[in-house]
Each structure stands twice: as structure tokens, then as C-alpha cells.
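Remarks on the structure that follows.
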Amino acid sequence: MTWPSSYFMKVYGKFWLAQTGFILSLRAFAEAAKETLVFLGCWQGLHLIPTWKGTDRRLIRLRAVLFLATVACLLIFVTGYDTLRAIFFPKDMVLYVTVASMAALWYFLRQPRLPRAPGLILLLIFSSLLAFRILLRMTPGEYAMYYNGPVVLSFLLLLRPLIPQSGSGHRFVFPAVLLLCLGCLAVPALYTRKVVTETAGCVPLTTERGTIAVKRSLAEQYRAGIRFMKEKNAKVEAVLSVPEDASLCFLSGTHCPTRILQFTPGSLVPGKMTEETIREIAEKRVRYLVWSNGLFPEHGVLRFGTDFDQTMGSYLTSHYRRTVVLSPNYVRLGEGNAYIWERIPESESQSPGSRAMMTIPSPDATASRPTRG
């Protein structure tokens, strides 16, 4: 799906990559340059502390002023957590590692006899290629968590030369290394604490597949959906979940009646693929739809059948009618919800008035899907 020539990448790829941090624009790099100045201003000042005795006085004053100005800027304009992150976990970390990998490769080509260079260069290049999608948006969680491990290791190795190994600053080696590692570790630790606090109200959802922790309203929706899927499966009545919820089939132990497991942006290609899917829905005699109100802001579109996959949405709304809400329990505005749609018998003819009533779930009752990671 994320292959460069795929339909998804051609239509939604640029916006999606920009959301994850892969932005190749002058404005983005200008912002990264400002953050880099703050980062360098802090670290050159920290490097000055153990090495000031061997430094020229005028240079000491210049570096001290730069360091104090950077610290003042952070204290005035940046909050506590973001200050720690700007120093030990910068969001442009992948960019730094990428630039370092190119510089290290160029230096190695000029000095090929360096014994440890090949391993370090390989690590830097691998980290850069693995995490290119988060080039300017390195975070301790969310989408970046799948790619940021090698980048953090490379980042720590690149900062290691800032710690003096000999001279008057030798006694600072262990405390400095410890501070560097603890500072880098503190950022994901604080992020984890925040996530744990936000999910304190989650309840266990236990199924035959195991137990997961979800929001109470989502647990009620899933229990109702699993129960409905099992009941209809026992009667050999096919149920299709749209726009996405392959997990509903998995947790209920049922099979998706179509080859397409989800109708997220870019999954269904217009034309032949859409026609084949519509034909498959008719041939498999899909009687019910579990239509949830998930939105897809990370792709630059929102509602299935309205903002994307309009052909499929038109087919479903003209051949199915909304009957009841999946779960009768109260759902607050902005939370996930779903409705049961039943196929309209062929013997019934629809008047224009009845068609107008069969609308796709309205945006005032919709909610964004939870972010992965």
C-alpha cells in the first residue's frame, strides 16, 4: 500500500508523509534550522563546562553568552517537557543522523583505513533509511515508535565525542554520560506517564482472542459488535464492517465476506477494483453493514463515502438502509459510534424521499480513529 507507485501514495502519500514528518520544503527546513541553533547553543555550553580551562577567554565569553541566551529562550518560550525534549530528544534527530551519515561516509572515503568507521557508518545509514518518514518529527511515541530505536542509538553515539576523554575534564566522563542517557530516557518516560494517565479510565475488553484495555464507550461498542457478528454468522448471514474494523472480524472469530478488509483512504482503487468489490458484495449476499463513524484526518480526508470512495458509498447507501444503532448505550459527542445497516430487499422500490433519508453518518456524531502507537 505504501509502495511509491501505489494508488494510496499517489493520492494521499504526500499529505500522509507530511503528517509523519517527511516534509521537503524550505519552510520546514527553516524551522528545523531554528531548532538546530537552540540545540547547538545548549550543547556547546554544556561542553564548555568541563573544557573551559583550555579555551581562549574571548571564546569562553562568546560561548557563555550564546549558552545563556539559549537557556533564556527555552525558559521564556518553551514549557518544561518541551525544554527537556529540545535538548535530549530533538524532533529533528533523524535529520541530524542523516547529515552525520553523509559526512561520515565522505570522511571514510577519504580516510578508508579507519578501523571503526565502517560499523558506525553502516549504523548511521541504516538508521537514516529506516526512519526517513519521520525526518522532521521524531517523537517518543505515536507513529515514530516503530522506527526511532536505531536513531536514538545513533544520536547518543554522535553526542559522545562532546564528552572530554582526557585532561581536566576526564573526571566528568561518567557523570556526563549518565546525564546524557538519563536525559534521553526521561523524555519517553514522561511521555509514557502522560499516556498512562490519559488511559486511566480504560476498562478491559475480554474476548476469545485475549484481553485489551480500551475506553469504556469503545468496549461497549465492541461487545455489541462482536455479539452481533456472532449471531449473524450462526445464521449464515454475511456482515461487512465499514469503513474499517478488521479487528471486529478477528475478535468475533468471523471472516470478512469481501477480499477488501478495510475501506481506508487509498485501499480501494477507483474503476475495476471498485466494480469487482461491489460485485463481490452482491454475490456474497452481504445482508448487514456495521458502519462506524471513523474519520481519517491523517490522510487529509474525513468521511468514507463522502470525501473518498464516493462510488462505493453511493452503492451502499442505495442498497442498504440504516436501522438501529449498534449499542444503545449513551455515546458522548466525539466518541466512536456505529449503526447497523440492512440490505434493502430487491422487491422494494425506493422513492426519492426514502433515499434522501439514508445518509452517511453525519460529522457531528463522528470521531477520529485512535492513533496507532
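Some observations on this one:
- Region 168-317 - Debye-derived log10 I(q)/I(0), Cα point model, q = 0.15, 0.17 Å⁻¹: -0.88, -1.04
- Nearest-0.05 FRET efficiency for Arg27 and Cys73, computed from C-beta distance (R0 25 Å): 0.75
- With loop membership from DSSP and a limit of 10 other Cβ atoms within 10 Å, the longest segment of the chain without GluC sites (Glu not before Pro) is 1-207.
- Relative contact order of the chain, taken over Cα pairs closer than 8 Å and 6 or more residues apart, is 15 percent.
- The angle between the Cα long axis of helix 216-234 and the longest principal axis of the Cα atoms of the chain comes to about 40 degrees, rounded to the nearest 10.
- Residues of type lysines that Lys215 reaches as a straight line, Cα spacing below 17 Å, ignoring anything fewer than 8 places off in the same chain: Lys194
- Projected onto planes of every orientation and averaged, the convex hull of the alpha-carbon atoms in the chain covers 25.1 nm².
- Straight-line reach from Lys232: taking Cα to Cα under 18 Å and skipping same-chain neighbours fewer than 8 places apart, the lysines in range are Lys284.
- Cα-only radius of gyration and Dmax that characterise region 1-133, units Å: 19.0, 61
- Within the chain, the longest segment free of exposed loop sites, counting trypsin sites (Lys or Arg not before Pro) that fall outside DSSP classes H, G, I, E and B and have at most 15 other Cβ atoms within 10 Å, spans 1-112.
- C-alpha long axis of helix 272-283 to longest principal axis of the chain, angle in °: 40 degrees
- Lysines whose Cα lies under 29 Å from that of Lys10, excluding same-chain neighbours fewer than 8 positions away: Lys91, Lys272
We did not get these values from a lab; they are worked out from the coordinates using the rules stated. In this text the structure is predicted, and so the values were computed from the model without any measurement. Here Cβ is always computed from backbone atoms with ideal geometry, including for glycine, and neighbour counts include all displayed protein chains.
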